[in-house]
Amino acid sequence: MQRPGSSGSATAAFRIRATGGTLLVAHLAFVAWLTLRPLDVPWVMPPNLHPLAGIESEMALGWREGTRRILEGLALLAPLGVLLPAVHGRVAVSPLGSLLRTVLAGALISLGIELLQTGVPGQVVDVDSLLLNTVGVALAHIAVVPAARHWLRRRTERAGRTAPLQGEAPPGRTPTIPRVGIAP
């Protein structure tokens, strides 16, 4: 039997949060390097501020090239869909609330990248990359996080029923100190 308030999942939650935080920082550093480095190009396309216009022009290049570019846009920030909930570290949360928080955070990070690109030579603002990045975050979250949380909940339930906490003595008689009376 476990004490109220103590669980074996506290160390697991800490490990998940620490690993998620480390991977999140590494991924954001990679994305910053990839998207915010200056490009040496002979000309720069004008900014795309019309939703889905860039996707249409990419598909006009051919289905293979268009699909590759769309998948690149979806995959750039998709790991945030898993890493942001991992940094949060909670297993029992509202699935819809978690999805909304994660998608909003992914959209804000993507918007920040797009705004920072305005000052980088060779990089232009593209509203379609904002849309694709946000959809990528949502798809990754939907595909991985609910199943992972369900697996973690079942694992902690099974561990809580079968094994006592490590380092704890089985419950028994309350220890007493000799020559100390009970307070009135």
Select from segment 81-127 the residues that are part of a helix (DSSP H, G or I) and of a type in the set (D, E, K, R) and list them in ascending order.
101, 114
Among the listed residues 94, 98, which satisfies the condition of being more than 20 Å from residue 57 (Cβ to Cβ), under 16 Å from the mean Cα position of the chain (by Cα) and either of a type in the set (Lys, Arg) or open to solvent by 20 Å² or more (accessible area, probe 1.4 Å) (or both)?
94
Among the residues of segment 43-53, are any touching a residue at least 60 places away in the same chain (Cβ under 8 Å), surrounded by 11 or more Cβ atoms within 10 Å (Cβ to Cβ) and in a helix (DSSP H, G or I)?
yes
For segment 55-89, which positions are surrounded by 12 or more Cβ atoms within 10 Å (Cβ to Cβ), farther than 19 Å from residue 31 by Cβ and not hydrophobic (A, V, I, L, M, F, W, C)?
57, 58, 65, 66, 67, 88, 89
Scanning for something at pLDDT 95 or above and surrounded by fewer than 16 Cβ atoms within 10 Å (Cβ to Cβ), does segment 161-169 turn up at least one residue?
no
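Within segment 149-160, is there a residue that is among the hydrophobic types (A, V, I, L, M, F, W, C) and under 27 Å from residue 26 (Cα atoms)? Give the steps one after another, and end with the answer.
Step one: filter segment 149-160 for residues among the hydrophobic types (A, V, I, L, M, F, W, C), giving 151-152, 159.
Right, trim to under 27 Å from residue 26 (Cα atoms) and you get 151-152.
So far as segment 149-160 goes, yes, one or more of its residues are among the hydrophobic types (A, V, I, L, M, F, W, C) and under 27 Å from residue 26 (Cα atoms).
Which residue, of 127, 135, is more than 24 Å from residue 16 (Cα to Cα) and touching a strand residue (DSSP E or B) at 6+ places or on another chain (Cβ under 9 Å)? Don't jump to the end; show me each part of the working.
On the way: 135 fails: touching a strand residue (DSSP E or B) at 6+ places or on another chain (Cβ under 9 Å).
Within the list 127, 135, the selection yields 127.
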Considering segment 5-41, residues that are open to solvent by 80 Å² or more (accessible area, probe 1.4 Å) and of a type in the set (A, V, I, L, M, F, W, C), and then whichever is modelled with the lowest pLDDT, we arrive at 14
The one condition residue 44 fails out of (1) more than 19 Å from the chain's Cα centre (by Cα); (2) modelled with pLDDT of 90 or more is (2)
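The values are calculated or read from the model by the stated rules, or taken from the named source; none is laboratory data. Bear in mind that the values here come from a model prediction, so they are computed numbers and not experimental data. All Cβ positions, glycine included, derive from the backbone under ideal geometry; neighbour counts span all protein chains shown. The area values use the complete protein model at the heavy-atom level, side chains included, leaving out ligands, DNA and RNA. Shrake-Rupley method; radii C 1.70, N 1.55, O 1.52, S 1.80 Å.
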